[in-house]
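> Structure below; questions to follow.
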Amino acid sequence: MKDLIPWARKDDAARQHHDHDGENPIAALQREMNQMLEGFWNRFGKSTGDPDWPSDPSGPKSDVVQTDNAVEVSIKLPGMTLDDIEVTVSGGMLTVKGEKKVERQEEKKGYYLSERSYGAIWRTIPLPPGVDGEKAEASYRNGLLTVRLPQTPEAQARVNHIEVKQG
């Protein structure tokens with residue numbers, strides 16, 4: 001079976017399949033494909049040169065903390081303004097949408113530059129029972145959105161603390 005795979009053979013015939021650097025042509029093709037794909041994704045990722053662009057493919061970074069009387073959600077939305085952000089609570093879900101459009105035009109002697117960038121985020125977070133969405137408050141400062149959702153008095157009263165014993 002190894003005789004059928006050229007790069008698995010160690011004889012002179014297999015050496016003829018190598019390029020001038022001594023690299024296997026299959027490995028060279030794979031390396032070139034990887035470089036091409038990395039270049040493509042870098043245009044949309046963190047190396048775009050714009051640190052304010054929300055470029056993480058998994059969505060914006062967020063933290064959810066439950067305190068004694070509320071649920072607090074913090075979401076990083078760098079570079080966005082209040083007009084770019086929409087926050088809703090419905091059906092036990094907190095939804096944050098953001099949309100950023102950047103346009104840059106520059107005209108100097110000998111050239112004209114026009115760049116447009118667009119990015120959108122959408123994050124939906126399930127909320128625990130007993131959260132009062134009607135009394136939710138949101139604030140945005142230095143690229144951090146904080147949403148505070150108070151728990152209803154009934155939900156606070158239903159919490160049973162269970163003692164954990166060494167077993």
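The values are calculated or read from the model by the stated rules, or taken from the named source; none is laboratory data. None of these values were measured; they are calculated from a predicted model. Don't worry about glycine lacking a Cβ; one is built from the backbone with ideal geometry, like all the others, and counts go over all protein chains shown.
> Where in the range 1-104 are the strands (runs of 3 or more DSSP E), entirely inside, with at least 2 residues that are small (G, A, S), closer than 30 Å to N142 by Cβ and modelled with pLDDT of 80 or more?
Answer list for the range 1-104: 70-76.
> Cβ-Cβ distance below 9 Å, separation of 6 or more or different chains: which pairs start in the range 101-124 with a residue that is over 18 Å from M80 (Cα atoms) and end on one that is in a strand (DSSP E or B) and of a type in the set (F, W, Y)?
Cβ pairs passing all conditions: Q105/Y112; E106/Y112.
> Identify all residues within the range 108-154 that are more than 24 Å from V96 (Cα to Cα) and surrounded by 11 or more Cβ atoms within 10 Å (Cβ to Cβ); write none if there are none.
Once the filter is applied, which keeps residues that are more than 24 Å from V96 (Cα to Cα) and surrounded by 11 or more Cβ atoms within 10 Å (Cβ to Cβ), the range 108-154 yields only P153.
> From the list S90, S74, pick out the single residue that is under 15 Å from the mean Cα position of the chain (by Cα) and of a type in the set (G, A, S).
Going through S90, S74 in turn, just one is under 15 Å from the mean Cα position of the chain (by Cα) and of a type in the set (G, A, S): S74.
> For residues that are basic (K, R) and in contact with a helix residue (DSSP H, G or I) (Cβ under 9 Å, 6 or more places away or on another chain), scanning just the range 98-113, find the one that is nearest to D132 (Cα to Cα).
Here the residue is K100.
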